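Working notes, structure below.
The values are calculated or read from the model by the stated rules, or taken from the named source; none is laboratory data. Remember, it's a predicted structure, so these values are computed and weren't measured experimentally. Positions of Cβ are generated from backbone atoms using ideal geometry, with glycine treated the same way; all protein chains shown enter the neighbour counts. Note: areas computed on protein heavy atoms with side chains; ligands, DNA, RNA excluded. Shrake-Rupley method; radii C 1.70, N 1.55, O 1.52, S 1.80 Å.
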Amino acid sequence: MSRLHSENHLVSRIGWLRAAVLGANDGIVSTASLIMGVAAASAGASQILVAGAAGLVAGAMSMAAGEYVSVSSQADTEEADLARERTELETQPEAELNELTQIYVKRGLTHDLARQVAVQLTANNVLDAHLRDELGIVEHMGARPIEAALTSAVTFAVGAALPLLMVVLSPASVLVYSVAGASLVFLALLGAIGAKAGGANVLRATARVAFWGALAMALTAGIGALVGTAI
């Protein structure tokens, strides 16, 4: 006799994982780039630290606000679809049943079997069946604005704190190099952790995050050097 087993699919992590990786990545890249740009413009250590701290606070608040507004818009759309579906189920139950049947037919079931499946699922939870199979709205992928906002703000702040720590610990003569090197290491670790948590290819994710982070920091440092020279 085969034994039943439970499965914990990684897709259930997609909501918080996306916000966490995006927040930490932005925190490291934007703050490290800001620090390197200011340092390349020949600013002093105290000025660099103030600029980095301001970038941390502003970035965390911006990430939280942006995520909240974006995910709230998604939640509003889902609520509108939910209300519309409720109305259609109340006023056109037979048409909705036929629509669900056709969905299962397109997935490969015969018409008779699709009809049976639609009837049984409708009898169990008609709204849930239509949300899942007609609209593609499932519980673990639903919009959660507050969770996304808090996750993004906290992870951005944590990511931004790492380059700032290097400003405090590094001698002024090697500050740019130490911030750049440490930030690339942090980004590589972040890419590896995110890939591991999401079940993705670790090497590919690590290389992708490190490459784009290095490019952003190099461009910002170059602009800072040009501005510093011009001024």
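Computed from the C-beta positions of Ala65 and Trp212 and an R0 of 22 Å, the FRET efficiency is 0.40 to the nearest 0.05. A crude spin-label estimate for the pair Ala172 and Ala58, with each label 7 Å from Cα along the Cβ direction, gives 2.4 nm.
The listed residues Asp112, Asp81 rank as Asp112, Asp81 when sorted by accessible area, largest first, using a 1.4 Å probe. Each Cα pair under 8 Å and six or more residues apart adds its sequence gap; the mean of these over the residue count of segment 72-177 is a relative contact order of 28 percent. Estimated from the Cβ-Cβ distance and a Förster radius of 30 angstrom, the FRET efficiency linking Val119 and Thr87 is about 0.90.
Applying 0.36 nm per residue to the separation of Val202 and Ala75 and subtracting their alpha-carbon distance, the gain on full extension is 42.6 nm. For Thr91, neighbours were defined as the other residues whose beta-carbon sits under 15 Å from its Cβ, and their charges (Lys and Arg +1, Asp and Glu -1) total -4. Quantify, in whole percent, the carbon and sulfur part of the accessible surface of segment 45-125 (1.4 Å probe; protein heavy atoms only). Roughly 57 percent, rounded to a whole number. Each Lys or Arg adds one and each Asp or Glu subtracts one; over the other residues with Cβ under 14 Å from the Cβ of Ala157, this totals -2. Extending 7 Å from the Cα toward the beta-carbon at both Leu165 and Glu94 defines two label points whose distance is 6.8 nm.
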